[in-house]
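Enquirer: What follows is a single structure, and I will ask about it in a moment.
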Amino acid sequence: RLHLADEDLAHFPDRTVLFCRGLGVALLGVALFPVAAFGWVHRWLPIRVVDRAIQRFAQLSANKTHVSTTGILAGVVSFGLFFSAYIAVFHLLFGWPASLWYALSLPVASLGAHHYLSRARRFIASLRCARVLLRARFTGRRLLALRNELIAQIEAARWEVPMEALMPERTGGP
């Protein structure tokens with residue numbers, strides 16, 4: 001009901017680990033923010049093209065595999081074209097050695113920006129979890145006990161189900 005992550009709940013009994021991990025992630029986030037910002041700036045236009053292509057194709061086809069294929073193809077084309085244009089302009093302004101390093105940094109910074117955003121969302125959820133658990137200590141202990149009880153019930157039920165029920169029957173063929 002509280003929408004708390006299982007991983008954060010598992011680390012609750014040791015508040016030192018929860019605090020140190022949160023502090024470490026926050027410091028790492030501050031240190032890597034310039035790289036993420038560099039990646040966000042350079043991937044903004046290609047992502048818009050991919051989103052637009054997916055929206056147009058999603059209206060034409062309800063098949064999700066076609067939509068995902070369109071997203072992949074649009075991503076390859078748009079990132080390739082935009083990154084090539086960025087590199088060409090950079091090469092005209094700064095020359096050969098700098099453009100090589102710039103070209104090598106674009107994919108790394110773009111992936112770093114994507115990863116940074118997902119980790120930032122997770123960090124915000126972790127902060128919420130820590131706030132809830134540290135404000136209500138007995139609630140945290142009760143949630144941890146309920147979690148362990150649920151895991152025990154799942155393990156017990158797993159051994160009660162016969163193996164034949166878990167494996168689909170083979171119909172025809174060796």
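Enquirer: If you filter the range 54-122 for chymotrypsin sites (Phe, Trp or Tyr not before Pro), then keep DSSP loop positions with at most 13 other Cβ within 10 Å, what is left?
Expert: Sites meeting the loop and neighbour criteria: none at all.
Enquirer: Give me the extension gain from residue 81 to residue 115: residue separation times 0.36 nm, minus the current Cα-Cα distance, reported in nm with one decimal.
Expert: Numbers: separation 34, 0.36 × 34 = 12.24 nm, distance 2.24 nm.
Taking residue 81 through residue 115 to full extension adds about 10.0 nm, to one decimal.
Enquirer: In whole Hz and in residue order, list the ³J(HN,Hα) couplings for the range 31-45 that follow from phi through the Karplus curve 6.51 cos²θ - 1.76 cosθ + 1.60, θ = phi - 60°; x for Gly and Pro.
Expert: Once θ is set to phi - 60°, the couplings for the range 31-45 become 5, 8, 4, x, 5, 5, 5, 4, x, 5, 4, 7, 9, 4, 5 Hz.
Computed from the coordinates by the stated procedures, all read-outs in this text should not be read as laboratory data. Fair warning: this is a prediction, and the values are worked out from it, not measured in the lab. Positions of Cβ are backbone-derived with ideal geometry, glycine not excepted, and every protein chain shown enters the neighbour counts.
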